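Structure record follows, encoded as structure tokens.
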Amino acid sequence: MRMHRWLIVLLGLGLAGVAAATPAPGFQDTEGCLLCHKYPRMARITDDGVLRSYYILPEVFSRTVHRNVPCRDCHTEINELPHKPIKTGVTCSTECHSVKNPATGKPFSHKPIVDAYRESVHGRSKQAIGTDADKPYCITCHTNPLYNPTELAPPKQITDRCTLCHEDRNFVNRWYNHTSRRIREVRRTPEQIVALCSTCHDDKRMVERHQKKASAEGREIGRKFAIAVESYEESFHGKMVKYGFAAAANCLDCHADTVNYYKSVHEIRPSRDPASPVHKDRRVETCKRCHTYADKNYAQLDPHPTSKRGDNPFRYFAELIYNIVGYVVITGLVGLSLFETFGRRRDGVAWRLTHGSSWWRKSKRGRDRVV
Amino acid sequence: MKLSREARDVLETSMLQNRVGAKDRDEIETLVAILPDDRVLLYKNVVSNPLGDLYRYSIHIRIQHMLTFVTFLMLAFTGLPIHFFESFWAEPFNQVLGGVSVTRIIHRTIAVIMIVSMIYHVLTITLGSWWRMRAGTFDIRRTIIPLWKDVRDFREDLQYFAGKRKTRPEMDKFNYKQKIHYFAAAFGNTVMVVSGSSFLFPELWAMILPTSVASHWQELMRLSHPHEALLALLVIAFWHWYNVHLAPGRFPMQWTFLTGKITREHQIEEHFLEYLRNLVEQPAERKALQDMLESRELLAETGRKGGKS
């Protein structure tokens, strides 16, 4: 027990040290949300059995990109304290009342991106039901990220210089956080993109649900939809990306347009849509992004090849023949070697050539070496 | 020993091609006559140097073998982790050489060296054959080209292994096993080069081929490259290395790929027709063989001292 007490004291001192090093929270709780949400056990278990935590750490929230947005700019449903159970939740197309877009002077909003997303094959409403609920909503891919996970606070050696003219330390810190994050590469790596897409597209039950629904509605569904992930992983692109070779195509390199990456990735369309970069009429153009000399023949190549009979019978039978030939050849050659060894051993050959001969063993066929 | 019709023909051809004089011809005929009738006694009783006794491969062939040997293993080491990307060993194997961004460069560079080695080999055998043809010493039986005799040799060898035949067939410089292996390697290398080029230049191949074939071609090549590589690796590991390292009489290593020479007992057992040519081309071998057989009193009756064929 004594040991435990010492550990607790040491832990307490350590936490105090961290607290001392942590900058004063920039997040101002003007709406009093932390009255309740400061408690770590502020949580509930949903009807689906999922534990939902509503605990807010101000010192962490202060380092996130939404730090300047008051809670109720997004949580618009809340009008009183304590508030009633939330029905609709947050939608990212909501206009902020407190943050103005500096370019237009209008209330800031993610609405342009949300509108593009709603037009895409992934588009859905916040309260979607049925197979639509399988589709990703904003928070499936996006959280409220830290400006910079490796920086507890803006580096003083940089911001000190700024404050000489700009005077207001808070303004300088905000400006530093915003611009330093924007100029940093924050896009997902190819491996992360594949992993993200795979979270849904590799879910066999989700795939089945969508296939059934499409079949019931008599709607066409992509030939590769059910095997998108496994066939990509087997492809040369997939293997290269798995090994960290960033130049190989990941999901978005073909399925998203290149006009504006940040917008295009939100407006992915099914391959049957003429606007999709993988639509048959646009494949040459899409392949040419990397394969400069690609032509219509090249665009015929299957980028997601499998040896499944239903997907590609040619490859299925070719692989079958290869396997049969492989097994027959190896078995035949190994069998021949063993047979030869058996025959020669019976005739008295030894493993090693010693004293000028390999035939110093006694033969079962007679005619031994003269000693 | 009374030579078979085939062996007699090889011997006569060799003596003719080497313009053997009457004295040497008599010496060769005498030696052949006093050889024991049972060839098994011959190869069981000669003395062999494990490093090799009789010249077999030129320095060019040895260099080509070394180039193929090194490039093949390096290509397999850098290529297989890409194909078997899900295997537990794939990632560490790949990382050993610096990851895929490095191994892909190594793989392509070594592939070029392998192709150069192939061209070097084709030039060697083509020019060598041309040179022999001009000199009047070319004999198709001495080449790697498959002949009907190989089929017969194969059948007779199996009969010997099964104990249904007393001796192994009289095989030439390259026996049926070597011919199978050589042409399998030649075919395999060609498949690897063609399929590899379809990965490196996919646009070019798509441009050349008709639209209806382009996709199937690429799919076939993507199957062929790893399948052929794996088959080649297994054949090398379980057949070639067994034959030259682990087979009885060859353990722990057959030195031919370094010294260019084959042991006397091996030559007589598996390449008897070539051994007859050795007797024609190397007078010292005639003397060595006669001494060995005399010391063991294995000369045929007609060949005992003072005897005549």
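The values are calculated or read from the model by the stated rules, or taken from the named source; none is laboratory data. A quick note: this is a predicted structure, and the numbers were derived from the prediction, not measured. We place every Cβ from the backbone using ideal geometry, glycine too, and count neighbours over all the protein chains shown.
For the structure I just gave you, tell me whether residue A:297 is crowded, with 20+ Cβ neighbours inside 10 Å, at the interface with chain B (Cβ under 10 Å from one of its Cβ atoms) and either closer than 25 Å to residue B:226 by Cβ or under 29 Å from the mean Cα position of the chain (by Cα) (or both).
Working: crowded, with 20+ Cβ neighbours inside 10 Å: yes; at the interface with chain B (Cβ under 10 Å from one of its Cβ atoms): yes; either closer than 25 Å to residue B:226 by Cβ or under 29 Å from the mean Cα position of the chain (by Cα) (or both): yes.
Yes, satisfied.
For the structure I just gave you, tell me whether residue A:236 is facing another protein chain (nearest Cβ under 9 Å), within 21 Å of the chain's Cα centre (by Cα) and either within 30 Å of residue B:230 (Cβ to Cβ) or surrounded by fewer than 21 Cβ atoms within 10 Å (Cβ to Cβ) (or both). So residue A:236 fits the description; yes.
If the Cβ limit is 8 Å and pairs must be 6+ apart or interchain, which residue in the range A:212-234 that is hydroxyl-bearing (Ser, Thr, Tyr) pairs with which residue that is assigned to a helix (DSSP H, G or I) and surrounded by 14 or more Cβ atoms within 10 Å (Cβ to Cβ)? Pairs found: A:232/A:194; A:232/A:238; A:232/A:251.
Got at least one residue in the range B:215-225 being facing another protein chain (nearest Cβ under 8 Å), basic (Lys, Arg) and surrounded by fewer than 20 Cβ atoms within 10 Å (Cβ to Cβ)? Give the steps one after another, and end with the answer.
Pass one, the range B:215-225, residues facing another protein chain (nearest Cβ under 8 Å): B:215-216, B:218-220, B:222-224.
Keeping just the survivors that are basic (Lys, Arg) gives B:222.
Filter once more, keeping what is surrounded by fewer than 20 Cβ atoms within 10 Å (Cβ to Cβ): none.
Checking the range B:215-225: not a single residue is facing another protein chain (nearest Cβ under 8 Å), basic (Lys, Arg) and surrounded by fewer than 20 Cβ atoms within 10 Å (Cβ to Cβ).
Being under 23 Å from the mean Cα position of the chain (by Cα) and more than 18 Å from residue A:268 (Cβ to Cβ) narrows it down to one of A:88, A:104, A:143, so name that one. Please lay out each step first, then the result.
On the way: A:88 fails: under 23 Å from the mean Cα position of the chain (by Cα); A:104 fails: under 23 Å from the mean Cα position of the chain (by Cα).
Selected residue: A:143, the only one of A:88, A:104, A:143 that is under 23 Å from the mean Cα position of the chain (by Cα) and more than 18 Å from residue A:268 (Cβ to Cβ).
Residues that are of a type in the set (Lys, Arg) and within 30 Å of residue B:201 (Cβ to Cβ): does the range A:285-294 have at least one? Yes, that holds for at least one residue.
Mind telling me which of the residues B:182, B:160 ends up being part of a helix (DSSP H, G or I), surrounded by 15 or more Cβ atoms within 10 Å (Cβ to Cβ) and among the aromatic types (Phe, Trp, Tyr)?
B:160
Just checking, how many residues over the range B:25-62 are small (Gly, Ala, Ser) and assigned to a helix (DSSP H, G or I)? Qualifying residue count, the range B:25-62: 1.
Tell me whether the range A:322-331 contains one or more residues that are within 14 Å of residue B:246 (Cα to Cα), touching a helix residue (DSSP H, G or I) at 6+ places or on another chain (Cβ under 8 Å) and within 7 Å of chain B (Cβ to nearest Cβ). No, the conditions are met nowhere in the range A:322-331. At least 1 residues being touching an Asp or Glu at 6+ places or on another chain (Cβ under 6 Å) is the threshold, and among the helices (runs of 4 or more DSSP H) wholly inside the range A:86-187 those reaching it are A:111-119.
Taken together, the residues in the range B:282-295 that are surrounded by 18 or more Cβ atoms within 10 Å (Cβ to Cβ) and of a type in the set (D, E, K, R) amount to 2. You will find that of B:274, B:228, B:265, the residue that is closer than 23 Å to residue A:333 by Cα and either in contact (Cβ under 8 Å) with a residue 40 or more places away in the chain or buried (at least 20 other Cβ atoms within 10 Å of the Cβ) (or both) is B:228 and no other.
Kindly indicate whether residue B:129 is surrounded by 17 or more Cβ atoms within 10 Å (Cβ to Cβ), away from every other protein chain (no Cβ under 14 Å) and at pLDDT 95 or above.
Working: surrounded by 17 or more Cβ atoms within 10 Å (Cβ to Cβ): no; away from every other protein chain (no Cβ under 14 Å): yes; at pLDDT 95 or above: yes.
No; evaluated as a whole, the condition is false for this residue.
All of (1) in contact with a Lys or Arg (Cβ under 8 Å, 6 or more places away or on another chain); (2) in a loop (DSSP other than H, G, I, E, B) hold for residue B:98 with one exception: (1).
For residue B:247, indicate whether it is surrounded by 21 or more Cβ atoms within 10 Å (Cβ to Cβ) and over 14 Å from the mean Cα position of the chain (by Cα).
Numbers: surrounded by 21 or more Cβ atoms within 10 Å (Cβ to Cβ): no; over 14 Å from the mean Cα position of the chain (by Cα): yes.
When the stated conditions are applied, residue B:247 does not pass them.
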